[in-house]
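Q: Have a look at this one before I ask anything.
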Amino acid sequence: MSKSLIACAIDARECAIVRLKTAGGGSYSLSGCKTLPFGLDDLASGNGKRLLKKLDSHLNVWPDEELALCFGPKNYLPLPASFPAHADTEKCKEYCKIEAGYFLNQPEEYHCDSTDYGVSQNGLHKKKILLFYPAEPCRRATEHFATTRRILFSGTPQPPLLHLSKFAGERQVILEIENNYLLFRVSGEGRIETFSCHQVKNRKESEYFTIKALVENPICRETEVQLFGSLADKTMMRLIQKETSMKLKPLSIPPSIPISNLKKFSTSSAIAVKAISTALMALDEQKRFTLFSD
C-alpha cells in the first residue's frame with residue numbers, strides 16, 4: 001500500500017515544503033515541492049506567528065498528511081559519545097539528556113540529534129556523535145505544527161543527509177559552510193566515518209578551516225565534495241578550487257534513489273534537497289516500523 005507524507009525544511013532565511021509518496025518496487029513519487037523566502041530568523045522575529053500561519057496555509061493543501069520537520073540551526077555543539085549497542089530510541093534520548101547535563105551550562109535550551117559514528121568499539125557499545133543545537137525557534141515551530149498533525153521527525157539536516165549515504169553507492173563527502181560554523185563530514189552506508197565542526201567568527205576563518213579540512217582528508221581527491229551553506233557562494237567555490245584543485249558540486253539527491261517527477265519541480269536548491277531527504281528518511285522509518293509491527 002502506498003504511503004505519503006509532507007516534509008518541511010527550514011534554514012535561516014528560506015524554507016521548502018515537499019510531499020513524497022512511496023511507489024511500487026521501492027521507488028518514490030514527488031507530488032509537491034515549494035520554496036518560500038523566509039526562515040528561522042524570520043520565525044524568531046515579531047512576524048513569527050504570521051509566518052507560521054502562512055506555512056500552515058501551504059501545508060493544508062494536504063490536510064491529513066503526517067509531517068517531518070528539518071531545521072538548519074545557527075550552530076552545532078558536537079560531542080563524541082558511546083551508547084549501549086542495543087539501546088532503543090527512548091533509551092538513547094535518556095542518554096543524550098544525561099550527556100547534555102554534563103556538557104552544557106543550560107541543557108534545557110538545546111535539542112540533540114545523535115548519529116552513528118566510526119567503527120563500533122565492540123559488540124556492547126556503539127560510537128555516536130551527539131549534535132546539540134539551540135532549541136528555539138525550532139521547538140516553537142514544532143509545537144505549533146503538532147497541534148494539528150502527527151510529527152514523525154523534528155531535528156537538523158544531519159540525520160536525513162546521513163540517511164542518503166545508504167543509497168549513494170559510494171562514500172558521501174559533505175562540506176557545509178555557514179556564517180557561524182563549518183561542518184565537514186564523510187559518511188557511508190548510514191554511518192559517519194569522519195567528522196569535524198569548527199565555530200567561525202568571520203569569512204577568513206571559514207576559508208582557512210574549509211581548505212584545511214579538504215587537504216587533510218585524501219578521500220576529497222577521490223570523490224566529489226558536496227558543498228552548501230550561506231557562505232558556499234561562487235567566490236568561495238573559486239577559492240577552494242584554486243587552492244585545492246578538488247571537484248565540487250552542489251548538495252544533491254543520489255541518482256540511485258528512484259524518485260519520479262523530480263524534473264517537474266525546482267529541486268536543485270540545498271533547501272529542497274534537505275526537505276526531500278527528510279521525507280525519504282521519515283518514509284523509510286515509517287516503512288520499517290510497519291514491518292516490525294506486523
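Q: Somewhere in the stretch 84-93, is a residue among the aliphatic types (A, V, I, L, M) and more than 17 Å from ARG149 (Cβ to Cβ)?
A: Within the stretch 84-93, one or more residues are among the aliphatic types (A, V, I, L, M) and more than 17 Å from ARG149 (Cβ to Cβ).
Q: So is ASN47 surrounded by fewer than 18 Cβ atoms within 10 Å (Cβ to Cβ), closer than 29 Å to PHE103 by Cβ and polar (S, T, N, Q) or not?
A: Taking the combined requirement at face value, the residue does not satisfy it.
Q: In the stretch 50-64, what residues are charged (D, E, K, R) and open to solvent by less than 50 Å² (accessible area, probe 1.4 Å)?
A: Scanning the stretch 50-64 gives a single hit, ASP56.
Q: A follow-up question, please. Please specify each residue of the stretch 126-147 satisfying the condition of being part of a helix (DSSP H, G or I) and open to solvent by less than 70 Å² (accessible area, probe 1.4 Å).
A: Listed by number, the residues that qualify are CYS138, ALA141, THR142, HIS144, PHE145, ALA146.
Q: If only one of ALA146, ALA141 is more than 30 Å from MET246 (Cβ to Cβ), small (Gly, Ala, Ser) and touching a residue at least 60 places away in the same chain (Cβ under 8 Å), which one is it?
A: The unique qualifying residue is ALA141.
Q: Please specify each residue of the stretch 167-216 satisfying the condition of being in contact (Cβ under 8 Å) with a residue 40 or more places away in the chain and either over 26 Å from LEU280 (Cβ atoms) or small (Gly, Ala, Ser) (or both).
A: ALA168, GLY169, ASN179, ASN180, GLY190, GLN199 - these are the residues of the stretch 167-216 that are in contact (Cβ under 8 Å) with a residue 40 or more places away in the chain and either over 26 Å from LEU280 (Cβ atoms) or small (Gly, Ala, Ser) (or both).
Q: Related question: Looking at (1) in a helix (DSSP H, G or I); (2) over 23 Å from GLU143 (Cα atoms); (3) open to solvent by less than 60 Å² (accessible area, probe 1.4 Å), which is the only condition ILE98 fails?
A: Tallying (1) in a helix (DSSP H, G or I); (2) over 23 Å from GLU143 (Cα atoms); (3) open to solvent by less than 60 Å² (accessible area, probe 1.4 Å), ILE98 fails exactly one: (3).
Q: OK, next. Is it the case that the stretch 281-289 has a residue that's open to solvent by less than 50 Å² (accessible area, probe 1.4 Å), at pLDDT 95 or above and under 24 Å from GLY118 (Cβ atoms)?
A: For the stretch 281-289, residues open to solvent by less than 50 Å² (accessible area, probe 1.4 Å), at pLDDT 95 or above and under 24 Å from GLY118 (Cβ atoms): present.
Q: Further, regarding this structure: Looking at GLU205, GLU170, which one is part of a helix (DSSP H, G or I) and open to solvent by 10 Å² or more (accessible area, probe 1.4 Å)?
A: Being part of a helix (DSSP H, G or I) and open to solvent by 10 Å² or more (accessible area, probe 1.4 Å) holds for just one of GLU205, GLU170, which is GLU205.
Q: When you go through LEU79, LEU69 one by one, which is the residue that is over 15 Å from ALA9 (Cβ atoms), open to solvent by less than 40 Å² (accessible area, probe 1.4 Å), at pLDDT 95 or above and in a strand (DSSP E or B)?
A: LEU79
Q: Let me ask something else. Out of the residues in the stretch 210-230 that are within 21 Å of the chain's Cα centre (by Cα) and within 15 Å of TYR181 (Cβ to Cβ), state the one that is surrounded by the fewest Cβ atoms within 10 Å (Cβ to Cβ).
A: SER230
Q: Could you grab the pairs with beta carbons closer than 8 Å, sequence gap of 6+ or different chains, first residue in the stretch 39-66 and more than 13 Å from ARG13 (Cα to Cα) and assigned to a helix (DSSP H, G or I), second one of a type outside the set (Gly, Ala, Ser) and open to solvent by 70 Å² or more (accessible area, probe 1.4 Å)?
A: Once the first residue is more than 13 Å from ARG13 (Cα to Cα) and assigned to a helix (DSSP H, G or I) and sits in the stretch 39-66, its partners that are of a type outside the set (Gly, Ala, Ser) and open to solvent by 70 Å² or more (accessible area, probe 1.4 Å) give ASP56/THR148; HIS58/LYS34.
Q: Also, I was wondering about something else. Can you pull out the residues in the stretch 231-245 that are open to solvent by less than 70 Å² (accessible area, probe 1.4 Å) and outside any helix (DSSP H, G or I)?
A: LEU231, ALA232, ASP233
Q: If you don't mind, there's one more thing I want to ask. Can you find a residue that is part of a helix (DSSP H, G or I) and in contact (Cβ under 8 Å) with a residue 60 or more places away in the chain anywhere in the stretch 256-264?
A: Within the stretch 256-264, one or more residues are part of a helix (DSSP H, G or I) and in contact (Cβ under 8 Å) with a residue 60 or more places away in the chain.
Q: Considering (1) assigned to a strand (DSSP E or B); (2) open to solvent by 10 Å² or more (accessible area, probe 1.4 Å), say which one LEU175 fails and leave the rest.
A: Only one criterion in (1) assigned to a strand (DSSP E or B); (2) open to solvent by 10 Å² or more (accessible area, probe 1.4 Å) is unmet by LEU175, namely (2).
Q: Determine the pairs where a residue that is over 17 Å from ASN60 (Cβ atoms) and part of a loop (DSSP other than H, G, I, E, B), located within the stretch 1-22, has a partner that is open to solvent by less than 30 Å² (accessible area, probe 1.4 Å) and among the hydroxyl-bearing types (Ser, Thr, Tyr) with Cβ atoms under 8 Å apart, the partner being 6 or more residues away or on another chain.
A: Taking only residues 6 or more apart or on different chains, the pairs are SER2/THR22; LYS3/THR22.
Q: For the stretch 101-125, name all the residues that are of a type in the set (D, E, K, R) and either open to solvent by less than 70 Å² (accessible area, probe 1.4 Å) or touching a helix residue (DSSP H, G or I) at 6+ places or on another chain (Cβ under 6 Å) (or both).
A: ASP113, ASP116
Q: Answer yes if at least one residue in the stretch 120-137 is more than 21 Å from PRO80 (Cβ to Cβ) and either touching a residue at least 40 places away in the same chain (Cβ under 8 Å) or of a type in the set (Phe, Trp, Tyr) (or both), and no otherwise.
A: Taking every residue of the stretch 120-137 in turn, at least one turns out to be more than 21 Å from PRO80 (Cβ to Cβ) and either touching a residue at least 40 places away in the same chain (Cβ under 8 Å) or of a type in the set (Phe, Trp, Tyr) (or both).
The values are calculated or read from the model by the stated rules, or taken from the named source; none is laboratory data. Keep in mind that what you see is a predicted model, and the values were worked out from it rather than measured. Heads up, the Cβs are rebuilt from the backbone with ideal geometry, glycines too, and the neighbour counts pull from every protein chain shown. These area figures cover heavy atoms from the full protein model, side chains too; ligands, DNA and RNA do not enter into them. Shrake-Rupley method; radii C 1.70, N 1.55, O 1.52, S 1.80 Å.
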